[in-house]
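Below is one structure, written out as structure tokens; comments come after it.
The values are calculated or read from the model by the stated rules, or taken from the named source; none is laboratory data. Because the structure is predicted, anything quoted here is derived from the model rather than measured. No Cβ is skipped: glycine too gets one built from the backbone with ideal geometry, and neighbour counts run over all protein chains shown.
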Amino acid sequence: MSTVSAALGSLRRMDWRSFFQKYGLVISFLLLCGALTALSDRFLTVSNITNILRQSTINGIISVGMTVVILTRGIDLSVGSVLALSAVVMADALKAGWATGPAVALGLALGGLMGLISGLLITQLRVPPFIATLGMMTFARGAALTYTQGRPITGLGDEFRFLGTGFIGPVPMPIVLAAIVFGLGYVILNHTRFGRYVYGLGANEEAARLSGIPVKAYVSVVYAIAGALSALAGVILIARLNSAQPVAGKGFEFDAIAAVVVGGTSFEGGEGTLWGTLLGVLIIAVLNNGLNLLNVPSFYQQVVKGAVIALALLIHRAIR
Amino acid sequence: MTSDNQVLLRMDKINKSFPGVQALKDVDFEVRRGEIHALVGENGAGKTTLMRVLSGAAPPDSGSIYWNGEPVSIPDPAAAQALGISMIYQELTLIPYLDLGQNIYLGREPAAKAPNFIDWQRLYRMAQEQLARVGLEVDPRTLVAELPIAQRQMVEVAKALSLDASLLVMDEPTSALTEHEVETLFERMRELKAQGVSIVFISHRLEEVFRIADRVTVLRDGQLVGSAPISDLTEDDVVRMMVGRELKSYHAKEVAPIGDEVLRVEDLSRGDVVRGVSFSLRKGEILGVAGLVGAGRTELSETIFGVHPATGGRILIDGRPVEIHSPAQAIELGMGFVPEDRKAQGLFLRLSVAFNIVTVALKSLTTLGLIRPNAARNLARTFVERLAIRTPSLEQRVRNLSGGNQQKVVIARWLTLEPKILILDEPTRGIDVGAKAEIYALMSDLAKRGVGILMISSELPEVLGVSDRILVMREGRIVAEINDPRGATQDDIMRAAAGGANGGGSAIQA
């Protein structure tokens, strides 16, 4: 009884501002889904929803890494290029007869190493994250093009392709992988010292240092994680396409940054959640899907997407 | 008493509140033509708020302002400027890579004949005149960045004068100056006064107030305590007005048994900011470190805590020599450090009270890599209760707490580790009198439990009232040690800190 009346009391006292702060993103997402359901009878079907989820896995996995990076007050522009470099190296290893496991491990390690290099540039040489990862973006893209001489590597084998096209039960493999990444990311960010300290050093690096938090090591590891997750997204991409292109992943950094920012993570560092990022990823994916269903020409789609992102940010700022 | 036409500015029953605090309560303030008027009070007394009201940065909730006897309203800084009120802030607002002339006339450059072009010759000629008025014989084409801080301050004054300011507000103008520079500044201030300019001078250095001011107004807790010609008052009177009670009872450290040596520093150096410092700290002892800004006190504590590596000397804890290269190592050895600037260096403002308290204790709250959420919450709650931190919940962002409660959160963070040694750098800066008393009581309690406390403070009454022993630093060295603070005076400390007459009072061993 008392809990019920307490809940009612807090409902009455609840002000709209904090309500929207908490649930604004969910409401926007539901409104968007509702509108599309009304506008197109093909939207709310099992196959379309599965389709949306599958399409959002690559951006989703990259966005988890991007969230952690932005929480440290950084940015990673190199995710798309790192994806391409590790994808072509992985594909080449597969063509050379490597088994799936070792080839994937090689790809993730390479992605992690590229990220770690960015991280060390940032922490040891004090290069601003924007510049360090801009450099890595160009470097990794160039390395991918050089490695392949600009040609795609195709025919990757069924065992490997299972990672992009297979199912576990009724659930497509990419969705399983993305769910694992989000789940692990959630636990690490919220329930480990590393995760809590990422928030801490993002909120105030100096205070973190004076509290004995190994700021440089943690930030370096954060970029390594972002790199490894980019490589994992690359696994799904090339397994689905059965082809690794050195130009793959162009512009992926912007999709990820957009998802993270729509999801409410602050560029000021130390503020944001993976739950928000998940919603950001889904909002962008649903928007893409809806615009296709409604046969909006692709040039207009970009305009609409840009406007929606800007709007989301304005609303976010207004209710803060 | 005075005929009205001598009064330049009168502020009447000014009220101003911010969420949660009444910063000014019915404050009256009066400045006469051509006087230097000191505005004093402890941190948080309302000096800055009153001046922000005057300069239009924070319009009052109620009250009237009269300028030359006429009622005026000052809704924004432009209105203040139009009346002839200029603020000179502690942080200078000059643009370093523009030259002096461009800075002085920024945004109101004299126009040349051709539209939208600047008459540079006239600009530099006018700038030269303004600079001469404040005694600066430098080329107005010099970049601001090339001038020492003291001269930049005079450029600010020149800029203010070029706006036809008849009232200058100088907020702690001497805090970054050497003694010699202070004297030069005072000479200029006297010259300006002779030209009929009024100056409001905010300072916490009473000695300076008595040197330069004609009148003094004292604020405490947002209220006017009194206003009088300086010649009617002694320093003790002013201190009593500022603090509002007898100092001894207010600081009141309970006598704690002083135990074995817990920290020993031998010949510690870092570059030329810490030079050959040696001292020891014992269990249950509060060791005060006094000195002027820039004397190397903060640098000393940062070196001990491993923030910056020492370049020479050694540190012993419990009699054993230790290597400290990082804060993490210092923490491991049982040290805690409450930094000088709690917002910039201490707190994670956007994060919760709970996180801010358990930050350094997380290691012990982790099982198999995962933090035990209930253990973390309970630990935070324990310290919120023990230190009486006033917060609506553990999840409240620490940014929304008052200064005193924020400081208690930073201290609580270290108490979670039960440190042997606690370094407090300006532990009561910017917090109200009530919270100060709580912090002193807490320090006293910690000392009783055997913690060795190293306290750096610029507030002399605090150093004298709280410490068991006092070290005075100047130019990176310890220049005096006071073994009996109860028998010492502020003068004793100041003389040693400023390096005037050597030694001095009987309580000092130089």
Report the residue count in region A:207-242 for those that are away from chain B (no Cβ under 14 Å) and either assigned to a helix (DSSP H, G or I) or closer than 14 Å to residue A:178 by Cβ (or both). 23
In region B:454-497, which residues are touching a helix residue (DSSP H, G or I) at 6+ places or on another chain (Cβ under 8 Å), within 20 Å of residue B:283 (Cβ to Cβ) and of a type in the set (Asp, Glu)? B:468
Given the criteria crowded, with 18+ Cβ neighbours inside 10 Å and either among the charged types (D, E, K, R) or without any contact (Cβ under 8 Å) to a residue 60 or more places away in the chain (or both), does residue B:104 qualify? yes
Residues (closer than 19 Å to residue B:467 by Cβ and either without any contact (Cβ under 8 Å) to a residue 40 or more places away in the chain or away from chain A (no Cβ under 13 Å) (or both)) located in region B:413-423: B:420, B:421, B:422
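Output the residues belonging to region A:198-211 that are without any contact (Cβ under 8 Å) to a residue 40 or more places away in the chain and surrounded by 21 or more Cβ atoms within 10 Å (Cβ to Cβ).
Those that are without any contact (Cβ under 8 Å) to a residue 40 or more places away in the chain and surrounded by 21 or more Cβ atoms within 10 Å (Cβ to Cβ): A:207, A:208, A:210, A:211.
So which of B:156, B:191 ends up being exposed (fewer than 15 other Cβ atoms within 10 Å of the Cβ) and on the phi < 0 side of the Ramachandran plot?
B:191
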Would you confirm whether any residue within region B:108-127 is out of contact with any helix residue (DSSP H, G or I) (no Cβ under 9 Å at 6 or more places or on another chain) and touching a residue at least 40 places away in the same chain (Cβ under 8 Å)? no
With the structure loaded, tell me whether residue A:146 is among the hydroxyl-bearing types (Ser, Thr, Tyr) and over 14 Å from residue A:226 (Cβ atoms) or whether it fails that test. yes
Give the residues of region A:127-163 that are among the aliphatic types (A, V, I, L, M) and more than 12 Å from residue A:114 (Cβ to Cβ), sorted by residue number. A:127, A:131, A:134, A:145, A:153, A:156, A:163
When region B:308-321 is examined, which residues are found to be at pLDDT 95 or above and either within 18 Å of the chain's Cα centre (by Cα) or among the aliphatic types (A, V, I, L, M) (or both)? B:315, B:316, B:317
Working only within region B:343-353, note down all residues that are facing chain A (nearest Cβ under 7 Å) and closer than 21 Å to residue B:422 by Cα. B:344, B:345, B:346, B:347, B:348
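Okay, residues lined up against (1) out of contact with any helix residue (DSSP H, G or I) (no Cβ under 8 Å at 6 or more places or on another chain); (2) under 22 Å from residue B:299 (Cα atoms); (3) at pLDDT 95 or above; (4) outside the structural domain of residue B:282 (by TED's automatic domain parsing):
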residue	(1), (2), (3), (4)
B:325	yes, yes, no, no
B:330	no, yes, yes, no
B:341	yes, yes, no, yes
B:344	no, yes, no, yes
B:401	no, no, no, yes
B:411	no, yes, yes, yes
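Specify the residue that is nearest to the other protein chains (Cβ to nearest Cβ); the eligible residues are those in region A:243-300 that are polar (S, T, N, Q) and assigned to a helix (DSSP H, G or I).
First, pick out the residues of region A:243-300 that are polar (S, T, N, Q): A:243, A:245, A:265-266, A:273, A:277, A:288-289, A:292, A:295, A:298.
When the remaining residues are screened for being assigned to a helix (DSSP H, G or I), the result is A:277, A:288-289, A:292, A:298.
On the way: A:277: 18, A:288: 32, A:289: 34, A:292: 38, A:298: 39 Å.
Among those residues, the one meeting the criterion is A:277.
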If you go through region B:354-395, how many residues are in contact with a strand residue (DSSP E or B) (Cβ under 8 Å, 6 or more places away or on another chain) and more than 10 Å from chain A (Cβ to nearest Cβ)? 2
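Which helices (runs of 4 or more DSSP H) sit wholly inside region B:246-352 and have at least 3 residues that are within 26 Å of residue B:488 (Cα to Cα)?
It comes to B:247-251, B:297-304.
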If you check B:434, B:430, which single one turns out to be modelled with pLDDT under 85 and either part of a helix (DSSP H, G or I) or in the same structural domain as residue B:203 (by TED's automatic domain parsing) (or both)? B:434
Among B:340, B:332, B:299, the single one that is within 13 Å of chain A (Cβ to nearest Cβ), in contact (Cβ under 8 Å) with a residue 40 or more places away in the chain and surrounded by fewer than 23 Cβ atoms within 10 Å (Cβ to Cβ) is B:340
Counting only strands (runs of 3 or more DSSP E) wholly inside region B:24-79, the ones holding at least 3 residues that are more than 23 Å from the chain's Cα centre (by Cα) and more than 20 Å from residue B:228 (Cα to Cα) are B:62-67, B:70-72
Of the residues A:183, A:169, which single one is within 20 Å of residue A:58 (Cα to Cα), more than 10 Å from every other protein chain (Cβ to nearest Cβ), surrounded by fewer than 17 Cβ atoms within 10 Å (Cβ to Cβ) and not hydroxyl-bearing (Ser, Thr, Tyr)? A:183
